[in-house]
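Reviewing the structure listed below.
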Amino acid sequence: MDVDLRLVRYFTVVAEHGNFGRAATKLHLAQPSLSRQIQRLEAQVGVRLFDRSPQGSSLTDAGQAFLPRAHRLLQEAEQAARAARAAVRPHSVTVGYTEGLVITACVQELRRRHPDGQVRTRHLGWRDTHALAEGRVDALIAYRPLLLPTEGFRVTRLHDESRVLVTSVNHRLANERHVSVQALSDEELVACVSTPVVWSTPKPVGDHPPPPAPATDDSYEDKLELVATGHCVAIFPAGDRRAAAREDIALVPVVDIDPCEVVLVTRADDPNPLLPSLEDVARTLLGAAPRQTCGQPPAGPPLPGGPGPASLSPGNSVPDHLVMENDGGHGDLKSA
């Protein structure tokens, strides 16, 4: 037996209102038309569902038995429809990216390739890279080092990025075309264990004593203030242009230091069908040859009379008496 679900819905509305006139108004139908539709349903079911009288309509015993099952039938039909829609719902991906990175071109291309997909982005602070493990993002584009274990994750190297000295415009090196790490021998450079940023410890400037070392809750902008006043210098990835917006800060390419590595990280067992496309897009648009800052000579042999590329990864080329807490460059310096 075929039962028209549209007629079943009409039946439940009439039963709810107990009156064909009010039910017809609710359904935006003419009352005679609604009466005919209910008669069709009664013919399909094979029993009379309503007693009609000038005072209104009431359910027959058959109608009372049919009503709860009619509600369940409509609910199950709606659930079935939702399940079917979910099966073909556009795929979605949330791409996390960390401080200093710009992924606009990558996201635009992914959206162009998947116009029916839902591509979202989420900017993550250096403390928030565990968002990938927690499932709050589906992929992470970040600089090494990573604040998460690599076991269970797929890590794809995208490119190496050169570094720049970030200093006050009044610093003795601010107008150089490029500098060597040797030129910073009077600075106590301290590498961060969770980002590629390198900061120096505060020092006096002229008659001004060194300010206190940054506190744990000091922001990136707070540290830039120390750079702008000449009390500190820093070494950033060349692609991190946040400091470039300030007129009191200069960026100078550093030629003999290990580059920063930019990677794409995803969960190894993630079946998300957009992730292979994201990896292809990221490799294409973010996986170019090692990036250099304007005016920086190509990386090559060591400078005459100088050492090879300096490695400023944590624990290497860092003064033994200083360590940086796991703070992404925003914390305070501690004496070991």
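Per-structure values
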quantity	calculated
Whole-percent carbon and sulfur share, accessible surface of the stretch 3-145, 1.4 Å	49
Heavy-atom surface of the stretch 160-255, accessible at 1.4 Å and reported per residue (Å²)	43
Formal net charge of residues neighbouring Val13 (Cβ-Cβ distance under 13 Å; K, R +1; D, E -1)	+3
Local net charge near Ile257, Cβ-Cβ under 12 Å (Lys/Arg +1, Asp/Glu -1)	-3
Mean separation of Cα contacts under 8 Å (6+ apart) over length of the stretch 40-79, as relative contact order %	26
Distant-in-sequence amide H partners of Ala139 (H built 1.01 Å from N, under 5 Å)	Thr94, Gly96
Loop trypsin sites (Lys or Arg not before Pro), the stretch 123-211 (other Cβ atoms within 10 Å of the site Cβ: 14 or fewer; DSSP)	Arg136, Arg172, Arg177
Cα centroid separation - the stretch 57-79 against the stretch 194-271, whole Å	68
Using a Förster distance of 30 Å, the FRET efficiency for Glu134-Arg157 (Cβ separation, nearest 0.05)	0.80
Sequence-separation-based contact order of the stretch 170-268, relative, with Cα cut under 8 Å and 6+ spacing, percent	35
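The values are calculated or read from the model by the stated rules, or taken from the named source; none is laboratory data. All of these numbers come straight from a predicted model, not from anything done at the bench. All Cβ positions, glycine included, derive from the backbone under ideal geometry; neighbour counts span all protein chains shown. Calculation scope for accessible area: heavy atoms of the full protein, side chains included, ligands and nucleic acids excluded. Shrake-Rupley method; radii C 1.70, N 1.55, O 1.52, S 1.80 Å.
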